[in-house]
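Please treat every number below as a calculation from the coordinates, not as lab data. Everything numeric in this text was worked out from a predicted model, so none of it was measured. In this analysis, Cβ positions are derived from the backbone assuming ideal geometry, glycine residues included, and neighbour counts consider all displayed protein chains.
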Amino acid sequence: MNLDTVKCPGCGADITFRKGSRTSKCEYCGSVATLGNALEALEADAELDRRVAEIAEREAEVKRHENASADYRAAMEKWKKKGRIPVILSGVLWFLGGMLLEFDLDGWGVLMILAAFGIFFAAPVVLAASEPDGSRLPGSPAPPPKKFATALKYYGLCLATSAVGLIAAAIISVTLIEK
Ligand SMILES: [Zn+2]
C-alpha cells in the first residue's frame, strides 16, 4: 500500500491519485477518495501488522512454555527413578545386615549396616541437591524445588524401608530360632 493508490471507499476498486491532487474520483462508482482515506488505510495496515506480530509472539511463548514443561517432566521422571535406588537399597541392606548378624557373620553384617547408614545420611542430601529446577527453564511454569522438603521426604522413605528390612530380618530370625 502506498499513497499513490487507495481503495475506493464506495466500491473497493483501486483509485489512483494524480500528482499534486488531494482528492480523486472513482472511475467505477464516482465516490471521492481523499489523501486522508489513503492515510487511514496505511494506518489500518500497520495496526494489522502489529496484531499479527503480537499473535506470533504469543504463539512462540506458548511453544516455549510447552517445551519447557516437557523438558521439566522428563528431567523429573529421570530424577525420581534415581531416587528409588537409595530407598530400595536401605531396606535391602538392613535386611541383609540383620540376616548376616543372625548367622554370626558379624563382620559382613556390620559392613551392610554401615553402608545403609552411609546411604541414609548421604542420599537425601545428594537427591535434594540434584532435583531439577523447572523455574530456570525459559517460559516454564514449574516452581523452584523445595530442597529441604525433598531431603526430609527421602530421609523418611529410607527410614521406612530400613525399618521394613530390619523387621523382615527379625521376623525370619525369630522363626528360625523357634524351629
Ligand atoms: Zn468506487
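Does Pro86 satisfy the condition of being outside any helix (DSSP H, G or I) and on the phi < 0 side of the Ramachandran plot? No. Scoring Cys29 on the criteria (1) away from the ligand (no atom under 11 Å from the Cβ); (2) more than 30 Å from Pro138 (Cβ to Cβ) leaves a single failure, condition (1).
Is one or more of the residues making up region 2-15 over 30 Å from Ser135 (Cβ atoms), of a type in the set (D, E, K, R), away from the ligand (no atom under 16 Å from the Cβ) and outside any helix (DSSP H, G or I)? Yes, region 2-15 contains a residue that is over 30 Å from Ser135 (Cβ atoms), of a type in the set (D, E, K, R), away from the ligand (no atom under 16 Å from the Cβ) and outside any helix (DSSP H, G or I).
When Arg73 is tested against the conditions (1) surrounded by fewer than 19 Cβ atoms within 10 Å (Cβ to Cβ); (2) under 30 Å from Val6 (Cβ atoms), the lone failure is (2). For beta carbons closer than 8 Å, sequence separation of 6+ or different chains, a first residue in region 19-32 that is more than 14 Å from Lys7 (Cβ to Cβ) and part of a loop (DSSP other than H, G, I, E, B) and a second that is within 13 Å of the ligand (Cβ to nearest atom) and of a type outside the set (D, E, K, R), the qualifying pairs are Gly30/Gly10.
Here Ser90 fulfils each of the conditions (1) exposed (fewer than 14 other Cβ atoms within 10 Å of the Cβ); (2) under 33 Å from the mean Cα position of the chain (by Cα); (3) of a type in the set (S, T, N, Q) apart from (1). Scanning region 168-179 for residues that are surrounded by 14 or more Cβ atoms within 10 Å (Cβ to Cβ) and of a type in the set (A, V, I, L, M, F, W, C) returns Ala168, Ala169, Ala170, Ile172.
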